[in-house]
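Step one of this worksheet: look at the structure below.
The values are calculated or read from the model by the stated rules, or taken from the named source; none is laboratory data. Worth saying up front: this structure is predicted, and the values here are computed from it rather than measured. FYI the Cβ positions are ideal-geometry reconstructions off the backbone, even for glycines, and counts take in every protein chain you see.
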């Protein structure tokens, strides 16, 4: 029996793999990668069915971030040139939420740059979410940086049911990615959201110079956090950032990563996020046959994405349906 069949049989039987077991999948190469993808697809189908969850994000405050994350165009430490936005536009954010609901999108999130929101910004954010909740049936998410337990409770009261805060990469590689705050700070925010009764969306970004083993470390660290959704971002090298010349993984190696995440996290929502268009190119559709079961649709924060109508057509062509996982 091949290692793929051996480990997939264990997962399909409801058992969790150990790190040492899963590490064997990192050696899969060439044509065997397609067998790995097909098997991850079986795991996805058994545990989550043929539903793809669509979410959309909109940028609230853009740029001038105090943190130095090496991949990020919004960092004030780097020289990337992006259109900055220094204030929240309530009418624009609410209008985009209304449009998202009309397009059949299930989840909608406001995303702010920066370490944390100011008190004035946070008060406005609560008002924005309360208005969106009163006007739509969207599942509301938020990505606002560091969060205290009290602010998490306030967001929940305003209608936000899920908080997004990535670990970004493995603990061992994290110091190569960010030096202005540590890994533990990220974990504190994740725990604050969970303690308030919110779901958590927590993933990271690949192709930032990490090893395959470090990507696997990240998958297991996320599993230990017991979050609800795992976004997988793929680096889009931006001029003016420290990673502007970073060579990204091939589409096939990215698909392999998604498949291995499905082996590690069989029943979770694994979401394609930023960089999927350029990172997967013509193989985008295969991500949903390699373990992914959710995606951000539309544009991202500082980069273009894929139109919602194209995503709907892709999901329909796969024989899947758009649906909520939780």
Residue within the range 255-262 that is free of Cβ contacts under 8 Å to residues at least 60 places away in the same chain and within 30 Å of residue 152 (Cα to Cα) present: yes
Any hit, the range 215-225, residues being free of Cβ contacts under 8 Å to residues at least 24 places away in the same chain and surrounded by fewer than 23 Cβ atoms within 10 Å (Cβ to Cβ): yes
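Taking the condition at pLDDT 95 or above and more than 20 Å from the chain's Cα centre (by Cα), does residue 13 pass?
Details: at pLDDT 95 or above: yes; more than 20 Å from the chain's Cα centre (by Cα): yes.
When the stated conditions are applied, residue 13 passes them.
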All positions within the range 17-47 that are closer than 14 Å to residue 266 by Cα, without any contact (Cβ under 8 Å) to a residue 24 or more places away in the chain and not in a helix (DSSP H, G or I): 18
